[in-house]
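Data block below; observations after.
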Amino acid sequence: MFRILTCLTAEHDWRLVLLADLVCFVASIAAVNIFHRATASRWVNAARDALGEHLREQVAKRLAIPVEEVDSIVRLVQSQVEVSLARIL
């Protein structure tokens with residue numbers, strides 16, 4: 001430990017050491033931020049998919065129809081919404 005301290009104090013320019021520390025600090029913050037966003041995005045996507053699957057199953061169960069028909073109805077509604085939005089815009 002003393003050898004490292006001596007090396008930093010006697011053999012290096014303090015300005016460059018502080019600059020290197022700053023660069024390392026900023027890089028570590030950026031890495032944590034990128035990792036956090038990616039993790040949050042994966043969690044949100046997984047929750048959205050699970051909720052969508054559960055909702056389709058519940059609708060199919062309540063209407064007593066196969067899940068494939070629920071998917072067909074959802075696609076039909078989406079296409080009508082897209083057409084309506086296209087007319088508005």
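No lab work stands behind these numbers, since they all come straight from the coordinates. These numbers were taken from a predicted model, which means no experiment stands behind them. Positions of Cβ are backbone-derived with ideal geometry, glycine not excepted, and every protein chain shown enters the neighbour counts.
Helical content of the chain, expressed as a calculated mean residue ellipticity at 222 nm, amounts to -33000 deg cm²/dmol (DSSP H runs of 4 or more residues, -39,500 (n - 2.57) each, divided by residue number, nearest 500). Taking the longest Cα principal axis of the chain as reference, the axis of helix 2-11 is set at about 80 degrees. With neighbours defined as other Cβ atoms within 10 Å of a residue's Cβ, the residues I34, I88 order from fewest to most as I88, I34.
Rounded to a whole number of µm²/s, how large is the Stokes-Einstein D of the stretch 2-88 at 4 °C and 1.567 mPa s, given Rh as the Kirkwood radius over C-alpha pairs? For these conditions, the coefficient is 70 µm²/s. Between the Cα long axis of helix 67-88 and the first principal axis of the chain there is an angle of about 80°, rounded to the nearest 10.
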